[in-house]
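Colleague: Let me begin by handing over the structure; questions about it come next.
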Amino acid sequence: MCYNKFLAKVCEVSASLKYNSERVSLLEEVLKSLLVDKNSQINTVDEARKIYEQSVSQNKRKQTEQLNELLKSHWFKTGELLISNISSLHVPWYVSKKFLPYNKQFKEKFGFGIDSLLFFSLILQSYLQYKQQMLNFEDLTYQFNSEAEYGDLGFVADPPTDFVRKWSKIIEISMSELEQLFYMMPESELNSILKNLSLDIENLPKKEDMRFYLTPLLQAKNKVFVLTPKYLVVDLPLLCESLLHDCKCYLNSKGRTFEKLVQETLRALPFNSMAFNLRYGANYEVDAVVKFKESFWAVEASSHPPSLKSIKGNLMAIQNDIKKTVTKCIKQGSRCIKHAHKKPLNYFSKNVKTKGVIIVVDGIYPQLNINSAMELFEEDLPVYIINWFDLASLLEEPEVEEFENFLLWRSKRPMPIVCFDEKDYWAYYFDYYKNDKKFRAAFKTAQKKQLRVFYISHRFNNKDYLGKLVRSK
């Protein structure tokens, strides 16, 4: 094997990952195969097709399963499921509030602090952006030429030659370059961070154990390759959670730091009144209660930590962890609603038309809602489940003063609109439903006929890949 030729092929596949924004999961599988087999002769397009067809063949053998179970399986196996809601803009706040209180114990165990890890990822991300500017890198996204091409999930396109050439220079960083970039960081600390964020070309795990969202770097001799730059910052919540999984002081906290983070976040809501850690009934406690103009909501922060298997993408573990944490929160929130007419809850709940439960799931749980196409949970009460990162994003939107109106609409049953996350529900409500009576009428019709309408927003999703299709119509 020619070492330099192999690394050039690694950079080429990484460039394809960057270029084919709608084929990330497939191309990550290509990259894994390349790293394991070290076959620098592979053709990226052909290898992607081969892997896709193998996947289709495996799915055909499962056709006897119920459709709903197949849908769940496909949903959970989405390559970016665990980081799909994580906004890099909110990661510093999330990491600082949730994990930084355990910085001392973390540093004693791993040889670097959580603050240093955050600093490293942010600086390296900024450095890559600087290199893009210096090289006049044109950040292109492949635009599909036809609906058939877009619908062909095994199709990937080769990026332009100049795109690959420049991308290869951007993601390749020498150790001396890194040492200069982080000259204020002790060498031992820098090496420890690299060890935890990197795959080692000389000691790679099995293909099924590779997780680029946990290890976005590749160390090869005296160089580091940033295989998946977009994971540099968004991987930190998952990485910190996995590393702290054996830390007793963190586990014994029972999610208190996340609960405090949720409470701080809730302060941005346009509430009429609010209280935290309110005790009621037979010594019960609710994380927060929020009263808007016309509704009252018991808020529960999901404090059940995900298992290591979940963090590594295990299908059954994710399903079990989500069910466990959400079921518990629904039970606690429902109990609070039942006591809403008694002191001290009646102070907040009187003179309202609606009483419901808001569940804020931890940032590292995927956004899977009570009325999604998967129908994971059922409850008679109005229940709204939202991932913390989605909540933080919505509270920055210009319509935030109308949050209650959105919440009341979002908790309607049945909900015929199906979106991947809450940002898209927000966009649908404010960009279409609220402003157009035709959409409101169509919504009611879909409810009556039990129809499903799948929606992906323009507001929160880059749709450059559809540019040619839109212009051709």
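Colleague: Select from segment 197-253 the residues that are part of a strand (DSSP E or B) and among the hydroxyl-bearing types (Ser, Thr, Tyr) and list them in ascending order.
Modeller: Let us first name the residues in segment 197-253 that are part of a strand (DSSP E or B), namely 198-200, 217-220, 223-226.
Within segment 197-253, just SER198 meets the criteria.
Colleague: A further question follows. Would you pick out the residues in segment 314-339 that are surrounded by 20 or more Cβ atoms within 10 Å (Cβ to Cβ), over 16 Å from TYR280 (Cα atoms) and either in contact with a Lys or Arg (Cβ under 9 Å, 6 or more places away or on another chain) or not hydrophobic (A, V, I, L, M, F, W, C) (or both)?
Modeller: ILE318, ASP321, THR325 - these are the residues of segment 314-339 that are surrounded by 20 or more Cβ atoms within 10 Å (Cβ to Cβ), over 16 Å from TYR280 (Cα atoms) and either in contact with a Lys or Arg (Cβ under 9 Å, 6 or more places away or on another chain) or not hydrophobic (A, V, I, L, M, F, W, C) (or both).
Colleague: Give me the residue from segment 92-111 that is among the hydroxyl-bearing types (Ser, Thr, Tyr) and either over 12 Å from LEU261 (Cα atoms) or free of Cβ contacts under 8 Å to residues at least 40 places away in the same chain (or both) and, out of that set, surrounded by the fewest Cβ atoms within 10 Å (Cβ to Cβ). Steps first, please.
Modeller: So in segment 92-111, the residues among the hydroxyl-bearing types (Ser, Thr, Tyr) come out as 94, 96, 102.
Now narrow it down to the ones that are either over 12 Å from LEU261 (Cα atoms) or free of Cβ contacts under 8 Å to residues at least 40 places away in the same chain (or both): 96, 102.
Numbers: SER96: 16, TYR102: 18.
Among them, the one singled out is SER96.
Colleague: Would you pick out the residues in segment 213-223 that are surrounded by fewer than 22 Cβ atoms within 10 Å (Cβ to Cβ) and among the hydrophobic types (A, V, I, L, M, F, W, C)?
Modeller: LEU214, ALA220
Colleague: Taking interchain pairs and intrachain pairs at least six residues apart, which have beta carbon atoms under 6 angstrom, with the first residue in segment 447-471 and part of a helix (DSSP H, G or I) and the second loosely packed, with under 14 Cβ neighbours inside 10 Å?
Modeller: GLN447/PRO414; LYS468/ASN145
Residues are listed down the side, and each one gets a yes or a no for (1) modelled with pLDDT under 85; (2) out of contact with any helix residue (DSSP H, G or I) (no Cβ under 8 Å at 6 or more places or on another chain); (3) under 30 Å from PRO92 (Cβ atoms):
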{"position": "SER334", "(1), (2), (3)": "no, yes, no"}
{"position": "ILE337", "(1), (2), (3)": "no, yes, no"}
{"position": "TYR347", "(1), (2), (3)": "no, yes, no"}
{"position": "MET374", "(1), (2), (3)": "yes, no, no"}
{"position": "GLU379", "(1), (2), (3)": "yes, no, no"}
{"position": "ASN387", "(1), (2), (3)": "no, no, yes"}
{"position": "PHE403", "(1), (2), (3)": "no, no, yes"}
{"position": "LEU408", "(1), (2), (3)": "no, yes, no"}
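Colleague: Considering GLN143, GLN180, which residue is free of Cβ contacts under 8 Å to residues at least 40 places away in the same chain and either surrounded by fewer than 16 Cβ atoms within 10 Å (Cβ to Cβ) or not in a helix (DSSP H, G or I) (or both)? Walk me through it before giving the result.
Modeller: Working: GLN143 fails: free of Cβ contacts under 8 Å to residues at least 40 places away in the same chain.
When all the criteria are applied, what remains is GLN180.
Colleague: Please find, among LEU308, LEU266, LEU243, the residue that is among the hydrophobic types (A, V, I, L, M, F, W, C), closer than 20 Å to SER96 by Cα and modelled with pLDDT under 95.
Modeller: LEU243
Colleague: I've got another one for you. May I ask you to say which residue of ASN103, ASN85 is within 25 Å of the chain's Cα centre (by Cα) and in a helix (DSSP H, G or I)? Full working, then the answer.
Modeller: Details: ASN85 fails: in a helix (DSSP H, G or I).
Of ASN103, ASN85, the one residue that is within 25 Å of the chain's Cα centre (by Cα) and in a helix (DSSP H, G or I) is ASN103.
Colleague: Counting only residues that are closer than 26 Å to ASP46 by Cβ, of a type in the set (Ser, Thr, Tyr) and in contact (Cβ under 8 Å) with a residue 12 or more places away in the chain, how many does segment 158-177 have?
Modeller: Total meeting the criteria: 1.
Colleague: Then there is this: Looking at this structure, is SER57 surrounded by 15 or more Cβ atoms within 10 Å (Cβ to Cβ) and either in contact with a Cys (Cβ under 9 Å, 6 or more places away or on another chain) or part of a helix (DSSP H, G or I) (or both)?
Modeller: Working: surrounded by 15 or more Cβ atoms within 10 Å (Cβ to Cβ): no; either in contact with a Cys (Cβ under 9 Å, 6 or more places away or on another chain) or part of a helix (DSSP H, G or I) (or both): yes.
Here the answer is no, as SER57 does not meet what is asked.
Colleague: Going by the conditions given, is LEU308 closer than 30 Å to LEU34 by Cα and touching a His at 6+ places or on another chain (Cβ under 6 Å)?
Modeller: Here the answer is yes, as LEU308 does meet what is asked.
Colleague: Now a separate question. Hand me the list of helices (runs of 4 or more DSSP H) wholly inside segment 299-356 holding 3 or more residues that are within 18 Å of the chain's Cα centre (by Cα). Reasoning before the result, please.
Modeller: On the way: elements: 308-311, 315-338, 346-349.
It comes to 308-311, 315-338.
Colleague: Touching a helix residue (DSSP H, G or I) at 6+ places or on another chain (Cβ under 8 Å) and surrounded by fewer than 21 Cβ atoms within 10 Å (Cβ to Cβ): does that describe PHE276?
Modeller: Working: touching a helix residue (DSSP H, G or I) at 6+ places or on another chain (Cβ under 8 Å): yes; surrounded by fewer than 21 Cβ atoms within 10 Å (Cβ to Cβ): yes.
Yes; evaluated as a whole, the condition is true for this residue.
Colleague: Something else now. When both residues are 6+ apart or on different chains and their Cβ atoms are under 7 Å apart, which pairs have a first residue that lies in segment 327-352 and is over 15 Å from LEU278 (Cα atoms), and a second that is polar (S, T, N, Q)?
Modeller: Matching pairs, first to second residue: CYS329/SER302; VAL352/SER295.
Colleague: Output the residues belonging to segment 112-140 that are of a type in the set (Phe, Trp, Tyr), part of a loop (DSSP other than H, G, I, E, B), more than 18 Å from CYS249 (Cα to Cα) and in contact (Cβ under 8 Å) with a residue 60 or more places away in the chain. Let's see the steps before the verdict.
Modeller: Of segment 112-140, the ones of a type in the set (Phe, Trp, Tyr) are 112, 119-120, 127, 130, 137.
Next, from what is left, pick out any that are part of a loop (DSSP other than H, G, I, E, B): 112, 137.
Checking which are more than 18 Å from CYS249 (Cα to Cα) leaves us with 137.
Once the filter is applied, which keeps residues that are of a type in the set (Phe, Trp, Tyr), part of a loop (DSSP other than H, G, I, E, B), more than 18 Å from CYS249 (Cα to Cα) and in contact (Cβ under 8 Å) with a residue 60 or more places away in the chain, segment 112-140 yields nothing.
Colleague: To continue, here is another question. Restricting attention to segment 308-353, which residues are among the polar types (S, T, N, Q) and out of contact with any Asp or Glu (no Cβ under 6 Å at 6 or more places or on another chain)? So that I can check it myself, show each step before the final result.
Modeller: Of segment 308-353, the ones among the polar types (S, T, N, Q) are 310, 314, 319-320, 325, 327, 332, 334, 346, 349, 351.
Scanning segment 308-353 gives ASN314, GLN319, ASN320, THR325, THR327, SER334, ASN346, SER349, ASN351.
Colleague: When LEU194 is evaluated against the numbered criteria (1) surrounded by fewer than 17 Cβ atoms within 10 Å (Cβ to Cβ); (2) within 30 Å of ASP37 (Cβ to Cβ); (3) of a type outside the set (Phe, Trp, Tyr), which criterion, by number, is the only one it fails?
Modeller: (1)
The values are calculated or read from the model by the stated rules, or taken from the named source; none is laboratory data. Please read all numbers here as calculations on a predicted model, not as lab measurements. Using ideal geometry, Cβ is built from the backbone for each residue, glycine included, and neighbour counts are taken over all protein chains shown.
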